[in-house]
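Worksheet for the structure shown next.
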Amino acid sequence: MKKMLMLGGSHAEIPMIQAARKLGYYVITTGNQADGLGHPFGDAYINCDFSNKEAITELAREQKVDAICSGCNDFAYLSAAYACEKLELPGHDDYETALRIHHKDKYRALADELGIVTPKAYKCSGSAKLSEACERLSFPVIVKPVDLTGGKGMQRCENKEQVKEAYEIAMKATREHYVVVEEFITGTNHGFSAYIQNQKVTFFFADNEQYYHNPYLVSGASTPSYAPQEAMKQLCGDCEKIAGKLQLKDGILHIQFILKENKTPVIIEVCRRAPGDLYIHLVEMAKGVDYPQYIVGGEAGMSLPAPCPKEKKGYFVRHCVMADGEGTIETVQIADEIAPYVKEQMLWYKKGDVVEDMLKYKAGIVFLHFPTEKEYRCYLDKLPKLIKIKLQDLDKRDGIIKETGN
């Protein structure tokens with residue numbers, strides 16, 4: 001039986017682990033979180049840090065795997081690209097190409113070369129470069145680590161003093177010795193996931209992103225997208241420019257973009273791995289395409305027919321269940337009012353779990369389907385109140401348990 005090494009084993013990798021097994025692979029999951037929800041769905045688990053490209057290469061060699069799938073993490077994709085290049089395994093771009101896509105400074109340079117609309121950005125590795133960036137850009141600006149996602153180490157700045165503080169925070173977060181300072185783009189936030197075959201887009205999916213308390217961490221996605229067809233056409237063209245220039249292997253090319261008031265899409269992030277939090281299952285639900293299988297098949301180097309979407313009617317939402325504060329979880333409540341629209345859910349919290357950081361903690365994911373636009377628009381912004389974490393807060397002054405429903 002063919003073997004696949006899956007770099008990750010969280011809830012996010014479950015659809016890909018299942019897809020790999022359907023494709024006939026013996027799946028070995030990895031990562032340094034032994035309690036990951038995805039590991040039981042594979043055939044075996046071996047503890048290994050998937051961000052360590054040398055360790056992953058050695059593990060893949062020892063296990064004599066036939067393919068590597070990157071899971072839902074940029075570091076995992078870079079390790080997969082590196083290991084596949086070293087071991088001459090199929091399905092991945094070479095390591096340098098992977099860096100040009102996943103590191104923000106390298107992608108910004110590529111976008112400029114190809115004439116793709118992207119924020120003006122400067123690579124900074126010291127006070128002199130930082131001052132130069134501030135002089136060349138108009139405030140506000142945003143400071144980012146070049147190698148992280150999910151808003152980690154990222155901060156919007158209104159003046160030079162804030163930039164200095166944000167630079168220190170970003171430098172502590174990154175594994176590199178520099179960060180990027182870029183112009184702050186305003187507009188609506190969206191995702192665009194394309195499937196590339198022979199450097200051409202054969203399928204794409206677009207969404208609207210939702211954010212809760214953390215302005216840099218996506219807490220939900222919904223589709224159909226508000227972005228117009230002209231924007232979709234431009235993004236498809238941008239994907240093909242990138243794919244042609246870098247001679248990308250078949251597989252996913254996922255984008256985050258901001259749609260400006262004039263309806264111009266500005267690409268802010270690009271990656272070649274699956275987005276997290278079961279996003280690929282949202283694609284499956286809304287488009288009738290087995291997206292996990294296509295992503296796994298691409299990373300395994302398989303030749304697949306072009307995806308054939310079967311458009312589903314209505315409005316689809318992936319909602320991450322987050323908290324309004326820190327404390328001990330009592331339960332997750334789904335209001336009767338919204339229950340008829342809930343189609344699937346994966347809740348992994350346990351009663352007694354502690355929310356230590358409300359900006360990052362997620363208790364689970366709920367998928368909803370609204371038959372009409374009226375229902376969709378009525379409920380979308382209310383979801384954090386209709387699907388909520390109920391906390392118990394301990395008032396240490398008098399020892400009384402105070403229940404709070406967020």
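We did not get these values from a lab; they are worked out from the coordinates using the rules stated. Only a predicted model underlies this, so the values are computations on that prediction, with no experimental measurement involved. Please note: Cβ atoms are built from the backbone with ideal geometry, for glycine as well, and neighbour counts cover all protein chains shown.
Tabulated data
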quantity: Between region 217-293 and region 42-65, the alpha-carbon center distance in angstrom; calculated: 29 Å
quantity: Aspartates and glutamates with Cα under 18 Å of LYS245, excluding same-chain neighbours fewer than 8 positions away; calculated: ASP93, ASP94, GLU96, ASP105, ASP112, GLU113, GLU269
quantity: Qualifying chymotrypsin sites (Phe, Trp or Tyr not before Pro) in region 3-97, DSSP loop, other Cβ atoms within 10 Å at most 14; calculated: none
quantity: Gap separating the Cα centres of region 70-127 and region 191-212, nearest whole Å; calculated: 18 Å
quantity: Candidate lysines - alpha carbon under 27 Å from LYS164, same-chain residues fewer than 8 apart omitted; calculated: LYS104, LYS106, LYS120, LYS123, LYS129, LYS144, LYS152, LYS172, LYS360
quantity: Protection-proxy order for peptides 164-170, 276-282, 103-109, 344-350, each taking the mean of Cβ atoms within 10 Å per residue, highest first; calculated: 276-282, 103-109, 164-170, 344-350
quantity: Shape call, region 287-394: gyration tensor on alpha carbons, a/c limit 1.5; calculated: oblate
quantity: The chain shape via C-alpha gyration tensor axes, a/c threshold 1.5; calculated: rounded
quantity: Relative packing of peptides 173-181, 375-383 - highest average C-beta neighbours within 10 Å first; calculated: 173-181, 375-383
quantity: Global form of region 15-122, assessed from the alpha-carbon gyration tensor, a/c cut-off 1.5; calculated: prolate
quantity: The chain - charge dipole about Cα centre, Lys and Arg +1 at Cβ, Asp and Glu -1, debye rounded to 20; calculated: 580 debye
